[in-house]
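Only one structure is covered here, and it is reproduced in the block below.
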Amino acid sequence: MRRGSFTLGGGIIALLLTTLLATTPARAQLRDVTQAATLTAAAASPGACVYPPNTAPSCVKLSYEGYAGVGALLTGTFAATVVAEISADGGTTWTMVNLLSLVAFATPALSFVQTSGLYAFATLGGGNTGQVRVSAFGSGAVGVTMRATTASR
């Protein structure tokens, strides 16, 4: 009798697991969105940002509403100061946020970067649009790829 109860319970558990796995999205179904550009100029303020495909772009913008995180890959050899900003109103007003190096985890959050690397926006609370902007430009070209994803880990 005990054995029969155990088998029945195991069958119910197996049925529940099968149903759960069939309705849970696979990791391959995670959503992400990417925006990329090569920046060759500076914008004096967030509102003055020139977005591609215009000549001499100074920023890359990305809407991340509904996503869990935003990162930026900076590439190239450049003499420039790059900042990250978020907006809660779709791009009318901007607030500067820190960047976290995803390569050198021991490095503190940075208010600006001047070297290539992989960075994450340190905070996303309250925002729905992000941008990476060149605030001071000397030479070279800053390759920027921004990516937002629903993955939480």
field: Which numbered condition MET96 misses (of (1) surrounded by 15 or more Cβ atoms within 10 Å (Cβ to Cβ); (2) closer than 12 Å to GLN131 by Cα; (3) under 16 Å from the mean Cα position of the chain (by Cα))
entry: (1)
task: Report, by residue number, each residue of the range 36-66 that is of a type in the set (Ser, Thr, Tyr), closer than 17 Å to GLY130 by Cβ, surrounded by fewer than 20 Cβ atoms within 10 Å (Cβ to Cβ) and modelled with pLDDT under 90.
output: TYR51
field: Single residue of GLY126, GLY76 found to be over 22 Å from GLY140 (Cα atoms) and touching a residue at least 12 places away in the same chain (Cβ under 8 Å)
entry: GLY126
message: Looking at the range 39-54, can you tell me whether even one residue there is in contact with a Phe, Trp or Tyr (Cβ under 9 Å, 6 or more places away or on another chain) and within 15 Å of THR145 (Cβ to Cβ)?
response: yes
query: Just a yes or no: is a residue in the range 68-91 at pLDDT below 90 and among the hydroxyl-bearing types (Ser, Thr, Tyr)?
result: no
- prompt: With respect to the numbered conditions (1) closer than 15 Å to ALA36 by Cα; (2) surrounded by fewer than 14 Cβ atoms within 10 Å (Cβ to Cβ); (3) touching a Leu at 6+ places or on another chain (Cβ under 7 Å), which one is the sole condition not fulfilled by VAL103?
  reply: (1)
field: Subset of the range 66-79 [over 11 Å from the mean Cα position of the chain (by Cα) and outside any loop (DSSP other than H, G, I, E, B)]
entry: LEU74, THR75, PHE78, ALA79
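The values are calculated or read from the model by the stated rules, or taken from the named source; none is laboratory data. The shown structure was predicted, so the numbers you read here are calculated from the model rather than taken from an experiment. No Cβ is skipped: glycine too gets one built from the backbone with ideal geometry, and neighbour counts run over all protein chains shown.
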